[in-house]
Amino acid sequence: MTQSTTYEEVRAIRADRQHVAALLDRYPRVSEDETQEIITFLRTGRHLDVGMVTGDDALRPKLDAFMADHKKHFRLKWTEIVAAVTGIFGIPTGAWLLWEAFA
């Protein structure tokens with residue numbers, strides 16, 4: 001990976017964060033495609049970038065309104081719940097079974 005690629009990636013990430021912040025600032029005057037961009041960014045964006053957008057006090061009222069209007073997109077899906085429960089109970093149970101098998 002070259003140094004210029006790293007700078008390009010950083011610029012692209014910063015541009016995405018700034019783009020979503022600008023869309024949120026215009027909310028509710030955004031199109032359906034722009035709404036989907038915001039949802040995608042908030043659900044799948046890098047945690048640091050999402051945190052920087054959601055932590056902006058100037059955007060807080062617009063973000064709160066957006067989250068209230070689109071809360072169905074931010075609920076946990078049943079597959080995510082199953083994965084979490086499996087991780088919480090399955091991994092320790094598997095480790096205990098392995099311990100008992102070799103102890």
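Residue-wise test of (1) assigned to a helix (DSSP H, G or I); (2) modelled with pLDDT under 90; (3) in contact with a helix residue (DSSP H, G or I) (Cβ under 8 Å, 6 or more places away or on another chain).
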residue	(1), (2), (3)
SER4	yes, yes, no
GLU8	yes, yes, no
VAL20	yes, no, yes
LEU24	yes, no, yes
ASP33	yes, no, no
ILE39	yes, no, yes
MET67	yes, no, yes
PRO92	yes, no, no
LEU98	yes, no, no
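For the stretch 41-58, indicate whether the set of residues that are closer than 20 Å to HIS19 by Cβ, of a type in the set (Ser, Thr, Tyr) and either modelled with pLDDT under 90 or exposed (fewer than 11 other Cβ atoms within 10 Å of the Cβ) (or both) is non-empty. Break it down stepwise before answering.
Step one: filter the stretch 41-58 for residues closer than 20 Å to HIS19 by Cβ, giving 41-58.
After this cut, where a residue has to be of a type in the set (Ser, Thr, Tyr) as well, the list is 44, 54.
Filter once more, keeping what is either modelled with pLDDT under 90 or exposed (fewer than 11 other Cβ atoms within 10 Å of the Cβ) (or both): 44.
Yes: one or more hits.
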Evaluate the following for ARG75: is it of a type outside the set (Val, Ile, Thr), over 11 Å from the mean Cα position of the chain (by Cα) and closer than 17 Å to ALA22 by Cα? no
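The values are calculated or read from the model by the stated rules, or taken from the named source; none is laboratory data. Bear in mind the structure is a predicted one, so any value in this text is a computation, not a measurement. Note that we place each Cβ from the backbone using ideal geometry, even for glycine, and neighbour counts take in every protein chain shown.
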